[in-house]
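Here the structure comes first, spelled out in structure tokens, and everything after it is commentary.
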Amino acid sequence: MTTTNVLDKTIEEIRKPTYPIDSSFIKRWSTRAFSEKPVPDEILYSVFEAARWAASARNIQPWRFVIARNEEDKEKFHSFIFEANNVWCKKAPVIALVLSKTEEDDRPISHNQFEAGMATANLLFQATQHGLITHFMSGIYPEKAREVLEIPSQYEILGVIAIGYQGIKDDLPEALQAREIPNSRKDLSEILFEGNFNEK
């Protein structure tokens, strides 16, 4: 394969579902090799449109996203992302901060993180449908992000997502090149139980 491909094998050769599922679930993985190619507005907004339609209790929709696309905004984001992540994510053309609203009308919003997670999953899989790659990172300094982006206290900071197009594995630091391969998942029998929880 050419050096523009991140893998020596196809993803389908590495990740094999036990039962039939949509291919986007297999193709989505957290690569680090980003191209600096910009993401067109209509594609980027489609990704967040998918997040918009996530399930939500009482339709509160507690998820929020802050994006950075120009150099000035991305520099602000890089100031609160761990250096180990900055090493590779600086090439990503879009970085999105994921927030969840914790209260409304002085009442806690139960499961706000869960719902923000569902919205984020929608985003990731819609990105895959558009041929984009994504990588969610929890490796950030949340309070630094709150300060830099002026985020109110009723919003919890969950992490950031690098969004863009596939880059070249060889452009990564050597230590990361070795890790640039999709992983598999636990067997269904390890996560699914019927009647009672009986993890061994």
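Only residues that are surrounded by 21 or more Cβ atoms within 10 Å (Cβ to Cβ), in contact with a strand residue (DSSP E or B) (Cβ under 6 Å, 6 or more places away or on another chain) and farther than 16 Å from residue 163 by Cα: list them for the stretch 110-139, please.
Those that are surrounded by 21 or more Cβ atoms within 10 Å (Cβ to Cβ), in contact with a strand residue (DSSP E or B) (Cβ under 6 Å, 6 or more places away or on another chain) and farther than 16 Å from residue 163 by Cα: 112, 116.
Taking residue 120 and the conditions (1) modelled with pLDDT of 95 or more; (2) farther than 21 Å from residue 101 by Cα, which numbered condition does it fall short on, given that it satisfies the others?
Of the numbered conditions (1) modelled with pLDDT of 95 or more; (2) farther than 21 Å from residue 101 by Cα, the odd one out for residue 120 is (2).
Could you check the stretch 146-176 and list, in sequence order, the residues that are among the aromatic types (Phe, Trp, Tyr) and farther than 27 Å from residue 110 by Cα?
From the stretch 146-176, those among the aromatic types (Phe, Trp, Tyr) are 155, 165; that's our starting set.
Hit for the stretch 146-176 is 165, nothing else.
Can you tell me which residues in the stretch 106-156 are on the phi > 0 side of the Ramachandran plot and under 16 Å from the mean Cα position of the chain (by Cα)?
Taking the stretch 106-156 and keeping what is on the phi > 0 side of the Ramachandran plot, we get 106, 111, 131, 150.
Across the stretch 106-156, the qualifying residue is only 131.
In the list 48, 25, which residue meets the criterion of being within 15 Å of the chain's Cα centre (by Cα), more than 30 Å from residue 103 (Cβ to Cβ) and among the hydrophobic types (A, V, I, L, M, F, W, C)? Full working, then the answer.
Numbers: 48 fails: more than 30 Å from residue 103 (Cβ to Cβ).
Every option except 25 fails the conditions.
Among (1) surrounded by 14 or more Cβ atoms within 10 Å (Cβ to Cβ); (2) among the hydrophobic types (A, V, I, L, M, F, W, C); (3) assigned to a loop (DSSP other than H, G, I, E, B), which single condition is residue 55 missing?
Condition (1) is where residue 55 drops out.
Inside the stretch 178-200, can you point out the residues that are in contact (Cβ under 8 Å) with a residue 40 or more places away in the chain and loosely packed, with under 10 Cβ neighbours inside 10 Å?
183, 184, 187
The values are calculated or read from the model by the stated rules, or taken from the named source; none is laboratory data. Since the model is a prediction, treat every value here as computed from it, not as a measurement. Every residue, glycine among them, receives a Cβ derived from its backbone with ideal geometry; neighbour counts consider all protein chains shown.
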